[in-house]
Amino acid sequence: MSTDRHHEKDQKTFPPGSHPSMLPPVSERGVIRWVRESLFNNWYNSIATLFGLYILWLVIPPAWDWLIGSATWEAQSNKDCRAGAGGACWGFIKARFILFMYGFYDNESLWRPNLAGILLVLFSLPIVVPKLKGTRYCAIFMIFAYPWIAVGLLGGPVKFFIMGTSIGVLIAIAIGLIAFWFGVSGHKKNDALGKSVGFGVAYIIVVMFFLNWGLGLPAIETSKFGGLLLTLVLAITSIAVSLPLSILLALGRRANGLPVVMYFCIMIIELFRAVPLITVLFMAQYMIPLFLPQGYSFDDVIMALIGMIIFFAAYMAEVVRGGLQAIPKGQYEAADSMGLNYFKSMRLIVLPQALKIVIPGIVSTFIAITKDTSLVMIIGLFDLLSITKSSITDAKWLGLEWEGYTFVALVFWILCFSMSRYSQWLEKRLDTGHRS
């Protein structure tokens, strides 16, 4: 009797077929369940699935044959490609691979961008993968040391006119020593402002000396940068600089108590968002040098970077401002009730939440930056797309547009898709389950 009651209770607790001791039917688990629920759950989805499979059957086999099956992997000219099986001529990419990757960089110095790339990957992994150890130290290195090491490796010293004379060197040394003394005294007195200003100025002086003399390596003109190397330099530098600048612009636009700062930020944001990037690049290339002292000028890559950084910082500032406006007013009031000043409340409470909210918008801007690096061909810089375009117009490789543009599309897709997937993973990791 008690067994029957237990059986009845067991049947009421667990519906038929879902008892913990029983596995679901094959049609209710795994791939079969996903196919049935996602692709064939009703009659019109079933028709759409069959039609899509038919389209894939028409497209995939010929594409596979052109890409892999009948492809030519070794070629010295388009004649070798025509003599092949009729598929893609990847021998063209192989023959021009160094040019596509490094542009006109000296062959004997290729170890320099390779070493810069290896350092970037090694010290970025602990930052993007939280399970790895050493995140804090790698972040400090990437922010304060790696940019100047990369400059020294890629291009060598960058001469500054303020350091051009012995008097300028002595002045810089004096300023650096005074600033370092302020930093040490501020550290002893636990003065945060003194520490920040002192060590900050000393850091700037060290950076200026480093840029003036580099790592002792011979200087390489940025006019030799090209291909994927130039694309990555433009994209990574623009992303790394425009993000913190956009945060400052967004905060400045909301600084109602400082009207001069507020209207200046509004002017910068609205001015650069109202013109296309091509116009900004032309202005950076031809107008900014007119305002420099006679005899001083920046190279084309620096000018392009200045234009791209300000342009995308203005766009990203509006994205960040949207995140700031999405924070409930109670968060600001809670920070005030805890006695936090403006800077601490922004750094500890408001900005972490705001930036988490706008991760999709920020990454979308990062992807736009990466793709828009191809616009620098207008001002005479040979990025990956421009190098490919010039290669397929060479008489030796005429008629290989499909292979060249397919390779460029694949490289950009890998870069942009990787950023997109990482942003989705980061959103899930930072998701606290709270919704305003």
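The values are calculated or read from the model by the stated rules, or taken from the named source; none is laboratory data. The structure presented is a predicted model; accordingly, all values stated were derived computationally and were not measured. As a convention, Cβ positions derive from the backbone with ideal geometry for all residues, glycine included, and neighbour counts pool all protein chains shown.
Has region 214-228 got at least one residue that is within 13 Å of residue 312 (Cα to Cα) and of a type outside the set (Asp, Glu)?
First, the residues of region 214-228 that are within 13 Å of residue 312 (Cα to Cα): none.
Looking through region 214-228, none of the residues is within 13 Å of residue 312 (Cα to Cα) and of a type outside the set (Asp, Glu).
Would you mind stating whether residue 248 is part of a helix (DSSP H, G or I) and out of contact with any Phe, Trp or Tyr (no Cβ under 9 Å at 6 or more places or on another chain)?
So residue 248 passes the test.
Suppose the filter is in contact with a strand residue (DSSP E or B) (Cβ under 8 Å, 6 or more places away or on another chain) and surrounded by fewer than 20 Cβ atoms within 10 Å (Cβ to Cβ); does residue 419 pass it? Spell out how you get there, then give the answer.
On the way: in contact with a strand residue (DSSP E or B) (Cβ under 8 Å, 6 or more places away or on another chain): no; surrounded by fewer than 20 Cβ atoms within 10 Å (Cβ to Cβ): yes.
For residue 419, the condition - in contact with a strand residue (DSSP E or B) (Cβ under 8 Å, 6 or more places away or on another chain) and surrounded by fewer than 20 Cβ atoms within 10 Å (Cβ to Cβ) - is not met.
Within region 59-80, count every residue that is exposed (fewer than 15 other Cβ atoms within 10 Å of the Cβ) and hydroxyl-bearing (Ser, Thr, Tyr).
1
What helices (runs of 4 or more DSSP H) completely inside region 298-394 contain at least 2 residues that are over 19 Å from residue 246 (Cα atoms), touching a residue at least 12 places away in the same chain (Cβ under 8 Å) and in the same structural domain as residue 416 (by TED's automatic domain parsing)?
Here the list reads 300-326, 329-337, 384-392.
Report whether or not residue 217 is surrounded by 12 or more Cβ atoms within 10 Å (Cβ to Cβ) and in a helix (DSSP H, G or I).
Details: surrounded by 12 or more Cβ atoms within 10 Å (Cβ to Cβ): yes; in a helix (DSSP H, G or I): no.
Taking the combined requirement at face value, the residue does not satisfy it.
Please enumerate the residues belonging to region 368-397 that are of a type in the set (Val, Ile, Thr) and surrounded by fewer than 22 Cβ atoms within 10 Å (Cβ to Cβ).
Within region 368-397, the subset of a type in the set (Val, Ile, Thr) is 369-370, 373, 376, 378-379, 387-388, 392-393.
Scanning region 368-397 gives 370, 378, 379, 392, 393.
Given the structure, is residue 274 hydrophobic (A, V, I, L, M, F, W, C) and loosely packed, with under 14 Cβ neighbours inside 10 Å?
Numbers: hydrophobic (A, V, I, L, M, F, W, C): yes; loosely packed, with under 14 Cβ neighbours inside 10 Å: yes.
In short, yes.
Looking at region 260-293, which of its residues are more than 14 Å from residue 309 (Cβ to Cβ) and among the β-branched types (Val, Ile, Thr)?
Matches in region 260-293: 260, 261, 266, 275, 278, 279.
If you check 234, 245, 251, 258, which single one turns out to be within 22 Å of residue 415 (Cα to Cα) and not small (Gly, Ala, Ser)?
On the way: 245 fails: within 22 Å of residue 415 (Cα to Cα); 251 fails: within 22 Å of residue 415 (Cα to Cα); 258 fails: within 22 Å of residue 415 (Cα to Cα).
On inspection, the qualifying residue turns out to be 234.
Surrounded by 19 or more Cβ atoms within 10 Å (Cβ to Cβ) and not polar (S, T, N, Q): which single residue out of 400, 355 fits that description? Write out each step before concluding.
Working: 355 fails: surrounded by 19 or more Cβ atoms within 10 Å (Cβ to Cβ).
Answer to the check: 400.
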